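Worksheet: one structure, shown below.
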Amino acid sequence: MAKVVAGVGSSHIPALGAASDHNKQNEPYWQPVFEGFGPAREWIKDVAPDVVILIYNDHASAFSVELINTFVLGAADEYDPADEGYGPRQVPQLIGDSDFSSHLIESLVLDEFDMALANEMDVDHGCTVPLTVMFDKPDAWPCKVIPLCVNVIKYPQPTGNRCYNLGKALRKAIESYPEDIKVAVFGTGGMSHQLQGERAGLVNPEFDKNFMDKLQNDATELTKLNHTDYLRESGSEGIELIMWLIMRGALSDDAKESYRFYHVPVSNTGYGLICFDEPDAPHMQASG
Amino acid sequence: MAIVDDYEDIPGTYVFNGKRCRDGYRLNKFCKTLDIEANREAFRNDPEGYIAQFKMSDEQLRCVRERDWLGMLHVGGNIYYTFKLAIFDRLTMQHVGGAMSQMDVEDFRKMMLEGGRTIDGNRSLKESGGTNNNSNNLPTRI
């Protein structure tokens with residue numbers, strides 16, 4: 001049966017992708033950030049997931065104002081990097097797993113999470129930057145990827161509690177898939193930032209630290225944050241952190257934080273990275 | 001269930017709610033088209049002819065022509081959409097962030113390097129005295 005083996009929380013700041021694509025990793029501005037990725041990149045090699053379910057938001061790339069969906073699960077066998085106005089990122093195409101996607105959608109809808117389904121979808125920086133963060137610049141991504149998009153642009157976004165419960169349903173869906181595959185769940189976006197208005201540039205490291213501190217043992221506390229709490233305290237785009245709660249919901253109560261990195265600023269944003277192990281995952285047994 | 005929009009007292013913040021989504025529909029739709037190279041080319045060659053297709057309001061057209069990034073938010077623009085116009089102009093998020101908070105781009109960059117705009121004093125209009133901290137001209141929120 002399929003098994004959840006690890007979770008990752010990471011911001012998906014587009015400038016990170018551009019820095020990697022243009023080989024700026026060793027410039028003084030970027031060096032400390034890419035150095036912070038190092039241990040996570042080593043760790044994910046041990047985790048060696050067969051599939052990553054990557055939770056992110058589309059930034060007006062695959063979807064537009066004509067139709068706004070709250071949750072969309074990719075059901076394709078491949079996803080191309082989107083043209084966001086600069087031409088597409090020169091990163092590998094994502095290879096999906098349509099059988100697994102179909103199973104997940106059926107399980108989630110029967111579990112009363114009414115997912116929209118995308119048979120075709122280009123993926124933007126929200127999806128490709130976390131892959132760069134974790135896997136650097138390979139010729140091909142080392143695992144299959146299933147994108148799960150969340151509306152965080154149009155108010156009201158789904159509540160943090162809804163996201164956390166979606167994560168729980170996602171775990172149930174994963175664990176009922178008969179193939180013996182290892183699944184990692186990435187929750188991306190955030191951390192505190194505000195791109196718009198006179199308050200642009202807002203970063204709240206205290207909020208971010210508290211969010212990371214509570215993610216392992218007090219995630220239910222975090223599910224009580226409402227929209228205005230996020231908008232006010234973490235900036236208008238900080239509400240992307242609800243996507244980390246889907247990841248946390250998909251992990252067991254016993255999941256343990258194994259790595260954390262935080263850095264301000266990356267572009268206009270507080271950058272956060274956090275890794276969780278499932279205690280019964282194969283990579284945990286191997287390392288004793 | 002009553003919907004409480006208690007976010008309206010957050011200074012300098014334009015929550016993309018149903019009203020803004022409707023008001024900004026044509027503006028955002030125009031911006032969205034700029035993620036296709038053929039459209040960028042058409043807009044480059046004939047800006048007025050290109051924007052005429054979208055039936056934007058006069059104020060939206062003015063904001064587009066003058067690249068009034070803050071003004072776009074007042075007429076329903078969403079930053080992820082309007083930023084596509086900024087990308088077209090080869091501007092960064094720091095340029096646009098600076099323009100919206102009425103700061104020079106270098107001052108904005110410096111503020112980010114120093115840890116970003118502080119939350120203290122910027123939580124609510126009450127806390128900010130109806131204005132926005134760190135922003136040079138202390139604009140009030142409309």
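Coordinate-derived values only; no laboratory data. Just so you know, these numbers come straight off a predicted model, no measurement behind them. All Cβ positions, even for glycine, are placed from backbone atoms using ideal geometry, and neighbour counts span all protein chains on display.
Taking +1 at the Cβ of each Lys and Arg and -1 at the Cβ of each Asp and Glu, which of B:Leu113, B:Ser101, B:Asn39 sits farthest along the dipole of chain B towards its positive end, judged by Cα position relative to the Cα centre?
The listed residue farthest towards the positive side: B:Asn39.
For A:Asp180 and A:Asp114, FRET efficiency with R0 = 25 Å and r from the beta-carbon atoms, rounded to 0.05?
0.30
At what distance in angstrom do the alpha carbon centres of the stretch A:240-288 and the stretch A:18-33 lie from each other?
Each part's Cα centre sits 23 Å from the other's.
Quick check on my link table: of A:Lys144/A:Lys256; A:Lys224/B:Lys32; A:Lys137/B:Lys84, which ones sit more than 30 Å apart, alpha carbon to alpha carbon?
Flagged as over cut-off: A:Lys224/B:Lys32.
Put +1 on the Cβ of every Lys and Arg and -1 on every Asp and Glu Cβ in chain A; which of A:Gln216, A:Phe276, A:Ala184 then has its Cα farthest towards the positive end of the dipole?
Result: A:Gln216, furthest along the dipole toward the positive end.
Rounding to the nearest 20 debye, state how big the charge dipole of the protein assembly as shown is about its Cα centre with +1 on each Lys and Arg Cβ and -1 on each Asp and Glu Cβ.
Values: 41 positive and 64 negative charges, 198 e Å.
Charge dipole, the protein assembly as shown, about its Cα centre: 940 debye, nearest 20.
Let me know the shape class of the stretch A:55-156, please: from the alpha-carbon gyration tensor, a ≥ b ≥ c as square roots of the eigenvalues, rounded when a/c is under 1.5, otherwise prolate if a/b is greater than b/c, or oblate.
Taking the square roots of the gyration eigenvalues as a ≥ b ≥ c, the stretch A:55-156 is oblate.
For the stretch A:97-175 and the stretch B:94-129, write down the distance between their C-alpha centroids in whole Å.
Going from one Cα centre to the other spans 33 Å.
Across peptide B:71-81, what mean number of C-beta atoms from other chains lies inside 10 Å of a residue's C-beta?
On the way: counts 0, 1, 3, 1, 0, 1, 1, 7, 10, 12, 5.
Across B:71-81, the average partner-chain Cβ count within 10 Å equals 4.
By how many nm would the segment from A:Ser252 to A:Asn217 lengthen if fully extended, with 0.36 nm per residue of separation less the alpha-carbon distance?
Value of the extension gain: 11.5 nm.
Using a 10 angstrom Cβ neighbour count of at most 12 plus a DSSP loop assignment to flag exposed trypsin sites (Lys or Arg not before Pro), which longest range of chain B is free of such sites?
Values: sites that count: B:Lys55, B:Arg90.
In short, B:1-54.
What ranking of A:Val72, A:Val133 emerges when the number of other C-beta atoms within 10 Å of each C-beta is taken as an exposure proxy, fewest first?
Ascending Cβ contact count within 10 Å gives the list A:Val72, A:Val133.
Can you give the helix-only mean residue ellipticity at 222 nm for chain A, where every DSSP H stretch with n ≥ 4 adds -39500 (n - 2.57) and the sum goes over all residues, rounded to the nearest 500 deg cm²/dmol?
Working: 10 runs with 104 residues, N = 288.
It lands at -10500 deg cm²/dmol.
Would you mind checking the stretch A:182-205 for residues with the amide N under 17 Å from a putative spin-label position 7 Å along Cα→C-beta of A:Gln285?
Counting only backbone N, you get A:182-184.
Please check chain A for the longest run free of GluC sites (Glu not before Pro) that are loop-located per DSSP (anything but H, G, I, E, B) and have at most 16 other Cβ atoms within 10 Å.
Numbers: sites that count: A:Glu66, A:Glu112, A:Glu120, A:Glu179.
Longest stretch, sites excluded: A:180-288.
Summarise the partner chain shielding of B:113-125 as one whole number: the mean count of Cβ atoms from other chains within 10 Å of each residue's Cβ.
Average neighbour count from other chains, rounded to a whole number: 5.
Using a cut-off of under 16 Å, list every residue of the stretch A:195-226 whose amide N is near the label point 7 Å from the Cα of A:Lys168 along the Cα-to-beta-carbon line.
Answer for the stretch A:195-226: A:217-225.
How many Cβ atoms of partner chains, on average, are near each residue of A:56-65 if near means within 10 Å of its Cβ?
For this peptide, the per-residue mean of nearby foreign Cβ atoms is 5.
Let me know the charge dipole size of the stretch A:128-190 about its Cα centre in debye, to the nearest 20, where only the beta-carbon of Lys, Arg (+1) and Asp, Glu (-1) is charged.
Dipole about the Cα centre, nearest 20: 340 debye.
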